[in-house]
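To start, the structure under review is shown below, and the notes come after it.
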Amino acid sequence: MIETRLLRQFIAVAEELHFHKAAIRLHMAQPPLSQAINRLEDKLGFRLFNRNKRGVNLTPAGGAFLKAAYSTLKELELGIERARQVSEGIAGKLTVTAVSIAGYESLLNTLRQFRETFPKVQLVIREMPSASQAKAILCEEADIAFMRQLPISAQNFQSRLVLNEEIVLALPVHHPKAEEGRIDLRDFAGEDFVFTPEALGPGYHSQLIALCEAAGFYPKVVQEAAQIHTLIGLVACGFGVALVPESIANSIMRDKVLFRRISALTAAPNPSIGLYMSWNTLNQTPLMDSFISLLDFNADSRVERTLAVQVS
């Protein structure tokens, strides 16, 4: 391993082609500089300079090594600058996972603003179920997750409520109750339901089950779908009805599926579900802090204020 100090001393001599002038430039005596160049040549195993009475000249090998020295120091400087930017939370890579966020305009705007504010950050966004997100966070495969609440017991798992939205009922346009305003969930006790698999989001799944139980029945689940878009597609095809977050109603199959608000139930007066920002505190970085701070800065225009969902 060659010290950067030796490289800088070599470059000074190579540019001045004069040991005395190079020593003055380096603020050192000439003998130690000559000894340093000799040590460098010994380490490399070849001569860098031709020394004679007429002066000092680079050997062909010295000329080639000069280019390598320039490149090495330049790359080191760039590396130091990149590391400084990472330490300040303005550069690096940030992996964000999320459930389907197409309907969350404010959250999408925050992601856009983050990319514009920190152009040197590689922002990676991956959609996946909540349970998969929790695993990715705990395994340090993701930095920040936007997910439904899960029964996570890890002490280093931090979650913050980002928004709380209504649970609405998705039903085919030709359903007998499609033209009603708010619907009474108890009227759907005998209906077929489509659900996302419990394993992909046990907290979300159990909350929807509990809502049905509060209405006096256990839902008859006839089909499951891992992706919410597939779930709505099954509703459109008449497989059954589905309980979904209101943000899903923004733009999905409006010609085939209608979304209706649920009347308050005595046992569950506010059918709603939260979206949480979660992260691993053991893996927290300045870059993550920058993202979280930006989301906090936009708190006055949070997602729940801009859903503008077209539900009746």
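For the set 212, 237, solvent exposure ranked by accessible area (probe 1.4 Å, protein chains only) runs largest to smallest as 237, 212.
Within straight-line reach of residue 135, meaning a Cα separation under 21 Å, sit the following lysines at least 8 residues removed in sequence or on another chain: 93. Between 197, 32, 245, the GNM of the chain built on Cα springs shorter than 10 angstrom shows 32 fluctuating the most. When the alpha carbon coordinates of the stretch 1-94 are projected onto the principal axes, the ranges are 59, 27, 19 Å, largest first. Considering only 265, 174, 244, and ranking their Cα positions along the charge dipole of the chain that arises from unit charges at the beta-carbon of Lys, Arg, Asp and Glu, the one farthest toward the positive end is 244.
As a calculated quantity, the FRET efficiency between residue 80 and residue 109 at R0 = 25 Å, using C-beta atoms, amounts to about 0.15. Ordered from highest to lowest accessible area with the whole protein assembly present and a 1.4 Å probe, 230, 110 read as 230, 110.
Counting only Cβ charges, +1 for Lys and Arg and -1 for Asp and Glu, the dipole size of the chain around its Cα centre is about 2040 debye. Straight-distance candidates among the aspartates and glutamates for linking to residue 67, with alpha-carbon spacing under 17 Å and chain neighbours fewer than 8 residues away dropped: 3, 15, 16, 41, 75, 77.
Working from label points 7 Å from Cα in the Cα-to-Cβ sense, the residue 73 to residue 292 distance is 4.1 nm.
Using Cα-only point scatterers and the Debye equation, what is log10 of I(q)/I(0) for the chain at each q in 0.13 Å⁻¹, rounded to two decimals? Debye intensities relative to I(0), on a log10 scale: -0.93. Residues whose amide H falls under 5 Å from that of residue 58, counting only those 5 or more places apart or on a different chain, are 50, with hydrogens built in the peptide plane.
Cα-Cα pairs above 20 Å in the stretch 165-273: how many percent? Here the long-distance tail beyond 20 Å is 30 percent of all Cα pairs in the stretch 165-273. At 7 Å along the Cα-to-beta-carbon direction for both residue 177 and residue 27, put a label point, then send me their distance in nm to one decimal. Distance between the two pseudo-spin positions: 8.2 nm.
The candidates 205, 18, arranged from most to least accessible area with a 1.4 Å probe in the full protein assembly, appear as 18, 205.
The values are calculated or read from the model by the stated rules, or taken from the named source; none is laboratory data. No experiment lies behind these values; they were computed from the predicted model shown. Quick reminder, even Gly has a Cβ in these numbers, built from the backbone with ideal geometry, and neighbours come from all protein chains shown. Calculation scope for accessible area: heavy atoms of the full protein, side chains included, ligands and nucleic acids excluded. Shrake-Rupley method; radii C 1.70, N 1.55, O 1.52, S 1.80 Å.
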